[in-house]
1. So, of the residues in segment 88-125 that are in contact with an Asp or Glu (Cβ under 9 Å, 6 or more places away or on another chain) and among the aromatic types (Phe, Trp, Tyr), which turns out to be farthest from Phe42 (Cα to Cα)?
2. What number of residues within segment 56-67 are under 21 Å from Thr12 (Cβ atoms) and surrounded by 15 or more Cβ atoms within 10 Å (Cβ to Cβ)?
3. Suppose we filter segment 147-165 for residues that are surrounded by 12 or more Cβ atoms within 10 Å (Cβ to Cβ) and either modelled with pLDDT of 95 or more or not in a strand (DSSP E or B) (or both); how many remain?
4. Just one of (1) out of contact with any Ser or Thr (no Cβ under 8 Å at 6 or more places or on another chain); (2) surrounded by 14 or more Cβ atoms within 10 Å (Cβ to Cβ); (3) at pLDDT 95 or above; (4) farther than 21 Å from Val8 by Cα trips up Gln75, so point out which.
5. Under 9 Å between Cβ atoms, at least 6 apart or on separate chains: pull out the pairs that start in segment 130-145 with a residue that is exposed (fewer than 13 other Cβ atoms within 10 Å of the Cβ) and end on any residue that is modelled with pLDDT under 95 and small (Gly, Ala, Ser).
6. Being closer than 17 Å to Asn149 by Cβ, buried (at least 17 other Cβ atoms within 10 Å of the Cβ) and of a type in the set (S, T, N, Q) is the requirement here; does Ser70 meet it?
7. Taking the residues in segment 1-55 that are part of a strand (DSSP E or B) and among the acidic types (Asp, Glu) as candidates, determine which candidate is surrounded by the fewest Cβ atoms within 10 Å (Cβ to Cβ).
Amino acid sequence: MSLEYARVDPFTFSHRSINASYTTFGAPVGYDLQPNSDRVAFQARHWFSPRTFVRLDLDYTRHGENFLDSTGNIQAAEDPNYPGSGILVAVGNVGGDMLRGDGDGLAGNTFLRGNLSYQRRVRLWFSAEWFPNVFTDLRVGYTNRNGGNMPENFFFGSFEIRVGY
């Protein structure tokens with residue numbers, strides 16, 4: 001069994017240029033958690049034999065998402081540091097997106113500030129090696145995400161036969 005808590009503060013790994021972001025193909029290079037988030041995860045694994053196990057994963061994630069306008073873009077307004085200049089800045093950026101580091105100095109980097117979302121995930125995985133290097137995996141899972149910019153409910157299942165390592 002294992003229990004884990006992870007926290008990523010606002011604007012961590014965020015850069016003002018997408019070319020300097022701490023990602024590869026849009027996914028984080030480090031821990032798989034967006035900035036301005038925390039997660040509590042529990043995992044239990046039971047081995048029936050040296051080649052057969054069942055694993056249960058439970059996790060709860062909170063994420064402070066950026067404020068978006070009606071078109072899905074981060075809210076922008078005139079730069080409060082230069083009134084009357086007409087320069088638009090991302091005032092809705094609360095540090096909740098690894099690919100958007102602009103606007104980090106406009107407001108304090110308060111943890112979980114923004115449009116707060118809550119995600120709960122349950123996953124069950126059964127794996128067996130029937131013959132040397134011949135595996136079958138059965139996986140089912142459910143995700144419930146409410147609040148934030150894109151609430152969702154998602155159920156998945158898969159059956160996999162693997163040959164090799």
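1. Going through the qualifying residues, I end up with Phe111.
2. Adding up the residues that qualify gives 8.
3. Qualifying residue count, segment 147-165: 3.
4. Unmet for Gln75, out of (1) out of contact with any Ser or Thr (no Cβ under 8 Å at 6 or more places or on another chain); (2) surrounded by 14 or more Cβ atoms within 10 Å (Cβ to Cβ); (3) at pLDDT 95 or above; (4) farther than 21 Å from Val8 by Cα: (3).
5. Pairs found: Asn133/Gly164; Val134/Gly164.
6. no
7. Out of the qualifying residues, it is Glu4.
The values are calculated or read from the model by the stated rules, or taken from the named source; none is laboratory data. Nothing here was measured: the structure is a model prediction, and the numbers come from that model. We place every Cβ from the backbone using ideal geometry, glycine too, and count neighbours over all the protein chains shown.
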